[in-house]
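Q: Before anything else, here's the structure in question.
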Amino acid sequence: MRVAVVSLLVCLLALGGVASAGFAGVSGGSSCAAGEAFFPSALSCGSCEVPGSVPAADGLGCVCPTGWLNVKDPTTLALTECTMCAVGSSSVRDGSACLLCGTGNTTATASAGTFATYDAASGRCVCPTGAVLVETHPVTGAALSTMECVMCEAGSFVDFTNSPYECVPCPQEGAVRSAASGECECAGPVFVAGPDGSGCLPATAYAELSTVYPAAQAARITYSEIGNRDGDIGAPVSLSSWLMGKYFPAAASWCTLRGDAASCQTLGNLCVLTNYDEDSAACRVFNSVANQRTGNVNGYDEWKVNMPWLEYGSAFAELRSFAVSARFTFSQDEENAGTAIYNMRYVLAGYSINGTLVSVRDVSDQLQLCQERRSIASRWRRFGTNLYQECVLYLHPMQAEAAGAAAESQLVFYDMYLVDADGSFVPVPVRLANLKRSGQYVNVDSSEFNDVLTRRFYLTDVVSGKRSADGTPDVVRVAQSLRIMVTLQEVGQGRIRPPLIDLSITERLGSTLSVAAPEDQFDEADGRPKVRFESVYTMDLTDFWRSVSIGFGVMLFVAVLFWLVRLYAWIQRNQSAVGTEFLGPMCAYLFSSLGFVLFWFVYALALYWLIFFKWQATVHVLLPTSSAHTEMVAVLATAFACQALAVLYQTYKQSSVDIFLMDWERPKGQVVPKDGDIRNAKPASISIWRTFFIANEWHELQTLRRISLEGTLFALLFLLRGLNLEYLATPQPAFTDLTPMAPNVILRFAVTASLWLLLGGAQIAFKFLILDRFFDNPMVDFVDLLSLSNISVFVLYERYAGFYLHGRSIYQHTDVSMQEMNKNLREEMEGMAPPRGLGENSECQTFEIFVTHPFRDAFDECYGDVTNNFSLIPCAKSAPSSRQGSRRQARMVAGGGSRLGEAAAAPSSAARVSGPSAATLAAYARVNTFLTQFIDRHGASPGADEGYRIESRPALSQLLHIPPDMGHGACVLNPAGITKFTNVTFYGLEFSLLLLNIMVYAITDVIFNNAFISALVTWLVEAGLGVLRRWMGAKNLTQKTLVDERFLI
């Protein structure tokens, strides 16, 4: 499978010779102005400074005119002047002396041929048609005294204008010099002149060829990849190609007749131009000739002697099993030691359309149509480094430069080789996406075993679409996508299969190319197709993905199991069978479980690739291909959708809890009316401001989070952009290399998600271990505030489950002066007061409460009348059995309302502050009495004998939120952690919100590939969610506690 370097170069040089101008990179001065010459030493154009000199015929430097005397400095031998010889004479070949012409020279005798004659118009000696000037005897070499003329051989001619001193062979085989014109012409009847200046062709072979492939048919090319302004494929275009008509007759005739190497090279190039269309004339003739050849090159059956290797045929299986002998590594040290290869070396052999080898060069950036810094453009050759480049290519300048016959030099065909460890060349196959067989694309399906691999390719073509030599192309073609894929072999560390080039050609009609497309227009309109270059290092991951699939199935099973446990716990807590109310929690728990599992699944995979790919020196693991990227992004998007739905549901549930602020404060006395009649005295009023204050604090706690999103985003941007850690995601195997490159989607998610978790986790840990313990815990402060306000909070987040925050003060009154408040606090600090908790000598103030059916029914009957603006009939003083006939009976009185804000439009100030109706306020007071009596275990509450029990639950039951046994008929208060009640606020949703933040950022980052945009979108989503939560929470709090919204600041 290898081609020795020396053998390859000798073979390539023999096929056509290397064009020296191609290596020099000089355009022959064709770009200089008229009358100027190109000076290679200065790499610039200029005028000829030597008097009498003119630009050379090839434009490189200045020379004396033909026939003029070259005057040189005797010391330096530098040319100082060009002078015309005397009349009747002309300079010798090197211009060092002048000799007389034969005319008028009666003393001389012609010894080599005939005497030359003097031409007064040109000022030099001239010869008859077909003769060349000589100054030495052709046999003896002795100098002649006069210029003589000698006839050239039949197969050569003389260019008397530029070089009258030498005979030049006719450039075309089968041509002879015309006696009349002195020019070369085809020697009939054996040879005939081909069309379009294609040279002399063997008459018999050309006649047979013309019969099978008429000129119009042979020159026709069908372009089936025409892209329109929208980038879609339009209708095929077929045209008669000037280039095909010029080269096909001679190439097909000579290659068929005697297998001429250069002609077969040209014929193969014409076949490549048709994208290997087996129905084209060029490919049919080439395949016919190849099938008749018996010998092959380097053991490849498809590589015939004196012919280019175009297709692999059945060699694909051999390609799969063959391994390059070199061992490749991620370590520069191993390459320096000579034990492995770190930088892969490729060689490109370039051919012109006529089969001439124009270059054999190491690959640097020749395959990349996108402009890029050379240091970045060549990084893809570093083993394991994936590179992706995409840009918009402006085709109109290419079309404009294609005018004229010289444009065919811009068309170059390439054969690519990988240099192995022993210096041998390994051919690199090409998988052309445009290749068709029987009218169908064969290289676009998922199966690679039926692919047709080729060898030769082109990157740009602005010539084949021309209808005439001087015209502009009707069709322009470029390589829209070129991907070099290197696959690690299954067995052996650091061993690879031969690389593979995936190539896709796009075509544009010349009429659609804009003359001046705006530079900021990055779309496929106006002849600006998006072109891509990509290097991919991968490996066969079949076994890996099989293991991943098994692991994914296990994770899904765990997610479903956890979902079922949560549903079971919900049923137990709500003491109900499956019904319509079950659908919401069922879907929400499913979304939450799936979002959680899918996120960690994708993150674990991404982190695996980041760690094992970046930290390896010996090659074991390579990144998966882009198809895996798409699948992982799809899973991540699914996780995001599930997590978003789960968070929205949890937000809704938090904003619709049943909440009541229980005021324990009692009147300080009675108020005697003005008449002084003590019998009409009423209890003193209790201030409502404590309730307003607690409601406002509760409202502020609704969207409080454990982490600062703004601080997290600023830190994340600093790490990613300020410290360039975003370049940890570049697909090159080194953690320390932060060279700016296009990131890998999987690695970028691993980096950003890890930083998110690190920053979020650090904040949560710092808050839990330091701030909450030694400085300030807002939830603990809120519970303390409840005790100072003598208010408890009763919350039911589900029908039979909720939280109770015991805020009953240990003092008789809390609506006191500052001096008395300080006195009370000092007593508590000095241990002179009993503990604040519920129960004797208890310090526990936060409980998870589970209520019974009778309690919930009684609570609904009382509480529902308040929240729905109904008046309340007495219920707090009667037992459950005596309330079965009680129902809501009276609407709120006219002019009342459930909130102060409903009267805001009233004209008077009294109306603007008139709140709920008297009936509603009375009902509110009775609910307060109902709950306070329940906590005090008064017999009027449900379960008169016990009311409720305070008991602990097993840790597993608390973890799974499974309620205690309610068979004893009493409510249960389960002592809970000080922050357990935060489950009804964002504080308790921290982990779910953090995952949502990460996924919002990640999905946005996949779309925009921009850290700043991703951070902005994440902040906007969080802000929107916070606004929604505060708005819904305020509405709920106003309705359930009768605290006007305007007090919630």
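Q: Quantify, in whole percent, the carbon and sulfur part of the accessible surface of the range 756-869 (1.4 Å probe; protein heavy atoms only).
A: Values: 2950 of 5200 Å².
After summing per-atom areas, the C and S share lands at 57 percent.
Q: Same structure again: Give the ranking of R826, R706, R773, R1030 by solvent-accessible surface, highest area first, calculated with a 1.4 Å probe. Could you put the intermediate results ahead of the total?
A: On the way: R826 115, R706 65, R773 145, R1030 95 Å².
Putting R826, R706, R773, R1030 in descending order of accessible area: R773, R826, R1030, R706.
Q: Then there's this: Please report, as a whole percent, how much of the solvent-accessible surface of the range 191-309 comes from carbon and sulfur atoms (probe radius 1.4 Å). Please list the in-between numbers first.
A: Numbers: 2330 of 4830 Å².
The computed percentage sits at 48.
Q: Now, a different point. At a probe radius of 1.4 Å, what is the per-residue accessible area of T618, in Å² to the nearest 10?
A: 40 Å²
Q: Now a separate question. Keeping every protein chain in place, order I550, I571 by accessible area at 1.4 Å, biggest value first, i.e. largest first.
A: Ranked from most to least accessible, the order is I550, I571.
Q: At 1.4 Å probe size, with no ligands or nucleic acids counted, give the accessible surface of V134 in Å², nearest ten.
A: 30 Å²
Q: Which of the chymotrypsin sites (Phe, Trp or Tyr not before Pro) found in the range 730-778 are in a DSSP loop and have at most 12 neighbouring Cβ atoms, other than their own, within 10 Å? Show your work: numbers first, answer last.
A: On the way: sites: F735, F749, W756, F766, F768, F774, F775; in loops: F735.
Counting only loop positions with at most 12 other Cβ atoms within 10 Å, the chymotrypsin sites (Phe, Trp or Tyr not before Pro) in the range 730-778 are F735.
Q: How far is the Cα center of the range 323-371 from the Cα center of the range 983-998, in Å?
A: Spelled out, the Cα-based centre of one part sits 52 Å from the other.
Q: Follow-up. Compute the distance in nm between two label points, each set 7 Å from the Cα along the Cα-to-Cβ direction, one at S468 and one at Q933.
A: 10.9 nm
Q: Whole Å is fine, so just give me how far the alpha carbon centre of the range 158-174 lies from that of the range 726-803.
A: 86 Å
Q: How would F718, F591 line up by accessible area, probe 1.4 Å, largest first?
A: Working: F718 120, F591 65 Å².
Ranked list, largest accessible area first: F718, F591.
Q: Explain nothing, just the number: dipole magnitude of the range 191-309 about its Cα centre with +1 on each Lys and Arg Cβ and -1 on each Asp and Glu Cβ, in debye rounded to the nearest 20. Write down the numbers at each step before the final one.
A: On the way: 7 positive and 11 negative charges, 77 e Å.
The calculation lands at about 380 debye.
Q: Also: Given the pairs K668/K1040; K668/K823; K767/K1040, which span a C-alpha to C-alpha distance of over 30 angstrom in this model? Walk me through the intermediate numbers first.
A: Numbers: K668/K1040 27 Å; K668/K823 18 Å; K767/K1040 32 Å.
Where the Cα-Cα span goes over 30 Å, the pairs concerned are K767/K1040.
Q: Could I ask something else about it? For a quick check of understanding: with a 1.4 angstrom probe and all protein chains in place, what accessible area in square angstrom does S224 have, to the nearest ten?
A: For S224, solvent-accessible area is about 30 Å².
Q: Take the Cβ-Cβ distance between L921 and L561 as r, set R0 to 45 Å, and report the resulting FRET efficiency rounded to the nearest 0.05. Show your work: numbers first, answer last.
A: Numbers: r = 50 Å, r/R0 = 1.11.
Here the calculated transfer efficiency is 0.35.
Q: Exceeding 18 Å between C-alpha atoms, which entries from my cross-link table qualify? They are K436/K466; K653/K980; K653/K1035.
A: From K436/K466; K653/K980; K653/K1035, over 18 Å: K436/K466.
Q: Right, here's the next one. Please give me the summed charge of the neighbours of V428: other residues whose Cβ is under 9 Å from its Cβ, Lys and Arg +1, Asp and Glu -1.
A: Details: positive: R455; negative: D415.
Local net charge: 0.
Q: Right, another one. Provide the per residue accessible area, probe 1.4 Å, for the range 191-309, rounded to a whole number of square angstrom.
A: 41 Å²
Q: Tell me, what is the percent relative contact order of the range 191-309, built from C-alpha pairs under 8 Å that lie six or more residues apart?
A: Numbers: 168 pairs, mean separation 24.9, N = 119.
Once divided by the residue count of the range 191-309, the mean separation gives 21 percent.
The values are calculated or read from the model by the stated rules, or taken from the named source; none is laboratory data. Fair warning: this is a prediction, and the values are worked out from it, not measured in the lab. Backbone-built Cβ (ideal geometry, glycine too); neighbour counts: all protein chains shown. Accessible surface is based on the protein model in full, side chains and every heavy atom, while ligands, DNA and RNA are left aside. Shrake-Rupley method; radii C 1.70, N 1.55, O 1.52, S 1.80 Å.
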